[in-house]
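J.: Can you read through this structure? Questions will come right after.
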Amino acid sequence: MDTLAFSVSDIFTFEVFFNALTLGALYALIAVGYTMVYGIIKLINFAHGEIFMMGTFLGLLLMTNASMPLALAMLAAMAACVILGVVIDFSAYLPLRRQHPLADNVSLIGLGLISVLTLSYFFGVRSDVGAGGMAVIGILLGAVPLAVFVIAILGLLGRLGRPKGTVQSDRLSALITAIGMSLALQTIAQLVFGADPRPIPDEVLPSFMVGDGAKAFVLGGTQVTFKEIIIWVSAVGMMVGLEYIVQYTRIGKAMRACALDKDTASLMGVNVNYVIAVTFMIGSAMAAVAGLLYAIKVGGNVYFRMGYYPGVIAFAAAVLGGIGNIRGAMLGGLLIGLTEAIGVAIAPEYKFAFAFGLMIAVILFRPWGLLGKAGAKRA
Amino acid sequence: MNSLLKYLPLGDAIAAKKWSSVGLSVAIAVFLLLLPLVLGFDHRFVNIALFVAIFAVGALGLNIVVGSTGLLDLGYVMFLATGAVVTFNMLLLEKGELPNHVYQRVTIQMDGAVELEDGTRLDAADVVKQADGTRKLSTGQSIDNESYLISASGQRIPSKNSSVLIASDGSGWALPVGNAKSINGSHPFVFDMSLLFIMLIAGGLCAVLGILRGIPTLKLTGDYYAIVTLGIAEMVFLFYFNTRWLTGGANGMSLDSSSTPTLFGTELYYDSAAFYGLVMAVLALTVIMVDRLDRSRTGRAWAAIRLDETAARACGIDASKYKMIAFAISGFLGGISGSLYAIWLGTVAAKDLDVWMSVLVLCAVVLGGMGSIRGVLFGSLIFFPLREFLREEIPVLQVRVPPEASNLVYGLLLIFVMRFRPQGLLPRSKSSGETMDDAQRKAVQASQPRLFVMKDSREPSSPNS
């Protein structure tokens with residue numbers, strides 16, 4: 001039991017505080033993607049953690065192999081993840097919603113893309129061969145025309161094999177699809193990028209983030225580095241931007257309308273599937289940013305399963321704040337970050353258990369979350 | 001005659017004169033019996049059949065919760081892991097050995113002496129360094145001829161006439177001064193246990209775990225049930241992963257020749273006839289049990305809960321009780337499956353028993369058809385050998401699929417099955433506990449007059465039209 005021996009003073013330190021802020025900012029960025037999607041289509045998008053992972057990989061490859069600066073790589077990763085998010089929605093989830101007559105055909109682009117990505121492995125197009133990161137982007141782009149051919153064939157097959165009507169509970173089908181998508185994306189990353197964890201080398205980071213110059217200030221004996229400040233600043237910036245989009249733009253209004261009542265919004269002329277696609281885009285872009293920042297913070301370990309734990313814990317954050325509630329996700333992220341930071345101070349090997357425990361407690365005792373409305377039917 | 005028949009396996013099918021299904025079942029049973037007799041018990045296919053049968057038991061257990069009561073359990077692996085860990089610990093206890101925690105870390109001193117964790121110091125003169133870099137006590141100090149050398153990675157190597165010490169790189173573990181024999185005499189838990197008894201304890205513990213897990217999750221449905229079971233399984237996983245004395249931690253634990261499980265005095269190996277018989281008997285019993293359960297009052301209650309829990313409660317069904325029964329039986333079967341899996345594999349490592357293992361079992365259930373027993377069996381039959389057969393070279397293309405690609409196949413399988421055949425390959429028939437299948441129920445619901453009917457043009461219209 002000596003692992004659990006700790007004193008209260010171990011918990012209330014500046015180190016724990018700054019760690020909590022950093023983790024919380026990252027979890028909040030991921031949690032927003034979960035909560036927005038759940039708010040509208042009531043789906044735990046398990047693949048969100050994998051978008052986070054893919055964004056990290058692309059950003060890392062662009063920095064190391066194409067020697068892009070961090071900011072540019074981050075933008076490119078965001079762009080790629082925006083595409084990936086929409087592809088996932090169109091390929092896996094849209095057909096289950098079955099509202100769009102073209103859904104089946106459009107969606108197969110995504111599955112075609114996945115097939116081609118997998119095939120690329122067998123032809124030896126691995127990211128660390130040749131032009132590296134650019135090759136990955138090339139595959140992504142080149143796959144689209146190829147996928148169109150696949151669509152025609154698969155589309156026909158789909159028409160033949162589709163069951164009449166919906167058979168299983170739709171929510172369960174969607175959840176299982178999301179798990180399948182998560183597993184598939186993980187494996188694609190493993191095949192394309194290899195199974196070994198990759199560090200982010202210091203050379204590719206901006207000079208103010210590495211070495212002795214990285215320390216911004218010291219407070220209470222704890223050094224705060226520019227890496228952490230960058231994480232806080234970008235998280236706050238993204239959150240403010242998101243808040244602006246959701247509250248003050250047309251599409252934001254449409255998103256809020258869809259979250260309230262999808263069917264009525266559709267009657268009012270809102271293109272629900274378009275809104276959902278935009279939701280996936282925004283969530284994915286934020287996950288990409290979070291991914292790169294996360295990798296920079298923990299100093300690397302970019303590998304194909306890196307998205308799982310942050311993903312599930314960010315979902316816990318979304319539940320904690322009140323799922324469907326964007327501000328709730330931000331608050332939940334910070335609280336989960338604090339929980340994990342305290343967990344690290346008490347028993348590092350069980351740090352995730354603290355976050356899971358908090359999530360379970362919230363689901364059991366306050367399923368509508370901290371900022372959600374009581375009585376609203378969830379799950 | 002008919003009233004007696006229904007208590008027999010296949011009795012219903014015989015009574016209903018469904019000879020094709022009777023024939024199929026008998027054919028499968030005969031095939032499973034003949035397979036090892038023709039190929040030999042150490043044949044690769046027999047090994048795969050064992051793997052499939054063991055996981056089919058687990059899949060049938062998962063199916064009770066996922067298919068029969070309609071709750072998505074993402075943490076089923078905790079039962080498999082618990083079954084495996086309990087079995088291994090009891091097998092080690094049975095032989096008078098305590099699990100890994102009795103081994104002490106050893107440090108080699110500069111002067112060649114050896115110091116144990118508890119402070120015991122052995123002079124250099126007592127220690128003989130061997131050619132392979134390991135060290136043992138010089139003969140005079142040898143304690144017992146049934147102790148072990150333990151490699152630096154924690155693996156135990158039985159070594160006659162040498163004892164206790166370890167360490168090729170200066171670190172390792174050693175038995176404390178009390179050795180295996182002396183523990184045997186004094187340890188309160190040591191008694192001879194048949195494997196059946198161990199399996200029952202493992203299964204029973206998992207049933208209790210299932211009930212304990214059911215207490216907080218009783219009111220949850222849908223996504224929240226899924227995510228809470230996932231969270232609990234993750235916590236159990238972290239516990240097993242970090243508890244070295246119980247599970248061997250990251251290295252895991254393995255059985256050696258002295259702790260081979262026995263069944264009525266026969267030693268069981270993964271390729272022995274007795275083990276094959278045991279696994280197949282367990283599978284047969286499981287199939288009979290879940291089939292009878294599904295067609296019993298309990299099974300009908302599960303179906304009612306799945307279709308509409310509120311309505312089921314309104315009809316006087318004690319939903320909490322029947323859900324608890326489902327959790328307990330599901331956990332029990334998971335424990336049995338994990339127990340057999342551990343013996344089959346001969347090693348248990350917590351790191352392999354993570355949540356993705358749950359997804360693996362879920363894949364088989366979903367593929368075959370949630371809620372359908374023959375579907376789950378069929379799903380297990382084509383799903384679990386997949387990884388084995390994916391290792392083979394594809395004949396025409398002359399390429400070999402990398403082993404990790406099988407996960408991609410699993411993921412896409414889940415997506416495609418949900419997309420094109422969400423009811424699974426062999427869906428449940430509507431006679432299993434309900435009067436309508438889900439499609440019919442949806443159709444009837446759609447035909448009810450409502451204020452606004454948002455109807456997809458491709459939804460089926462009412463059955464009357």
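The values are calculated or read from the model by the stated rules, or taken from the named source; none is laboratory data. Keep in mind the model is a prediction, meaning the values are calculated, not measured. Don't worry about glycine lacking a Cβ; one is built from the backbone with ideal geometry, like all the others, and counts go over all protein chains shown.
J.: Would you check if B:Thr217 is among the polar types (S, T, N, Q) and in contact (Cβ under 8 Å) with a residue 60 or more places away in the chain?
T.: Numbers: among the polar types (S, T, N, Q): yes; in contact (Cβ under 8 Å) with a residue 60 or more places away in the chain: no.
So B:Thr217 fails the test.
J.: Of all the residues that make up the stretch B:306-326, how many are closer than 15 Å to B:Val65 by Cβ and over 26 Å from the mean Cα position of the chain (by Cα)?
T.: 2
J.: Do you know which residues across the stretch B:274-329 are closer than 30 Å to B:Asn47 by Cβ, small (Gly, Ala, Ser) and without any contact (Cβ under 8 Å) to a residue 24 or more places away in the chain?
T.: B:Ala274, B:Gly277, B:Ala281
J.: If a residue must be touching a Ser or Thr at 6+ places or on another chain (Cβ under 7 Å) and over 27 Å from A:Gly322 (Cα atoms), how many such residues does the stretch A:34-76 contain?
T.: Qualifying residue count for the region: 1.
J.: Taking A:Phe217 and the conditions (1) in a strand (DSSP E or B); (2) surrounded by 16 or more Cβ atoms within 10 Å (Cβ to Cβ), which numbered condition does it fall short on, given that it satisfies the others?
T.: (2)
J.: Would you mention how many residues in the stretch B:306-332 are of a type in the set (S, T, N, Q) and touching a Leu at 6+ places or on another chain (Cβ under 8 Å)?
T.: Count: 2.
J.: Hey, among the residues in the stretch A:346-367 that are assigned to a helix (DSSP H, G or I), surrounded by fewer than 19 Cβ atoms within 10 Å (Cβ to Cβ) and of a type in the set (Gly, Ala, Ser), which one's farthest from the other protein chains (Cβ to nearest Cβ)?
T.: A:Ala361
J.: For the stretch A:45-62, does any single residue satisfy the condition of being surrounded by fewer than 24 Cβ atoms within 10 Å (Cβ to Cβ), assigned to a helix (DSSP H, G or I) and modelled with pLDDT under 90?
T.: no
J.: Now for a separate question. Report, by residue number, each residue of the stretch A:313-340 that is buried (at least 24 other Cβ atoms within 10 Å of the Cβ), in a helix (DSSP H, G or I) and of a type in the set (A, V, I, L, M).
T.: The answer is A:Ile313, A:Ala314, A:Ala316, A:Ala317, A:Ala318, A:Val319, A:Leu320, A:Ile326, A:Ala329, A:Met330, A:Ile336.
J.: Of the residues that sit in the stretch A:215-255 and are at pLDDT below 90 and aromatic (Phe, Trp, Tyr), which one is nearest to A:Asn273 (Cα to Cα)?
T.: A:Phe226
J.: While we're looking at this one, here's another question. Filtering the stretch A:184-214 down to residues that are within 16 Å of A:Leu292 (Cβ to Cβ) and within 14 Å of chain B (Cβ to nearest Cβ), which residue is modelled with the lowest pLDDT?
T.: Of everything passing the filter in the stretch A:184-214, A:Phe193 is modelled with the lowest pLDDT.
J.: A further question on this structure: Name the pairs: first residue in the stretch B:49-74 and within 14 Å of chain A (Cβ to nearest Cβ) and assigned to a loop (DSSP other than H, G, I, E, B), second residue among the aromatic types (Phe, Trp, Tyr) and surrounded by fewer than 24 Cβ atoms within 10 Å (Cβ to Cβ), Cβ to Cβ under 8 Å, at least 6 apart or on different chains?
T.: B:Thr69/B:Tyr322; B:Leu71/B:Tyr225; B:Leu72/B:Tyr225; B:Asp73/B:Tyr225
J.: Mind listing whichever residues of the stretch A:63-72 are surrounded by fewer than 24 Cβ atoms within 10 Å (Cβ to Cβ) and hydrophobic (A, V, I, L, M, F, W, C)?
T.: Step one: list which residues in the stretch A:63-72 are surrounded by fewer than 24 Cβ atoms within 10 Å (Cβ to Cβ), which gives A:64-72.
Result: A:Ala66, A:Met68, A:Leu70, A:Ala71, A:Leu72.
J.: To continue, here is another question. Among B:Phe241, B:Phe237, B:Phe191, which is at pLDDT below 90 and part of a helix (DSSP H, G or I)?
T.: From the options B:Phe241, B:Phe237, B:Phe191, the qualifying one is B:Phe241.
J.: For A:Val312, work out the one condition from (1) touching a residue at least 60 places away in the same chain (Cβ under 8 Å); (2) more than 23 Å from B:Asn242 (Cβ to Cβ); (3) under 16 Å from the mean Cα position of the chain (by Cα) it doesn't fulfil.
T.: Unmet condition: (2).
J.: Do you know which residues across the stretch B:405-430 are under 20 Å from A:Met181 (Cβ atoms), among the hydroxyl-bearing types (Ser, Thr, Tyr) and more than 7 Å from chain A (Cβ to nearest Cβ)?
T.: Within the stretch B:405-430, just B:Ser406 meets the criteria.
J.: Right, something else. What's the number of the condition B:Gly252 fails, among (1) at positive phi; (2) crowded, with 20+ Cβ neighbours inside 10 Å; (3) modelled with pLDDT of 90 or more?
T.: (3)
J.: Also: What number goes with the only condition from (1) in contact with an Asp or Glu (Cβ under 8 Å, 6 or more places away or on another chain); (2) at pLDDT below 90 that A:Phe6 does not pass?
T.: (1)
J.: In the stretch B:222-246, which residues are of a type in the set (Ser, Thr, Tyr) and surrounded by 18 or more Cβ atoms within 10 Å (Cβ to Cβ)?
T.: Across the stretch B:222-246, the qualifying residues are B:Tyr224, B:Tyr225, B:Thr229, B:Tyr240.
J.: Among the residues of the stretch B:346-371, write down those that are part of a loop (DSSP other than H, G, I, E, B), surrounded by fewer than 24 Cβ atoms within 10 Å (Cβ to Cβ) and within 12 Å of chain A (Cβ to nearest Cβ).
T.: Passing the criteria: only B:Asp354.
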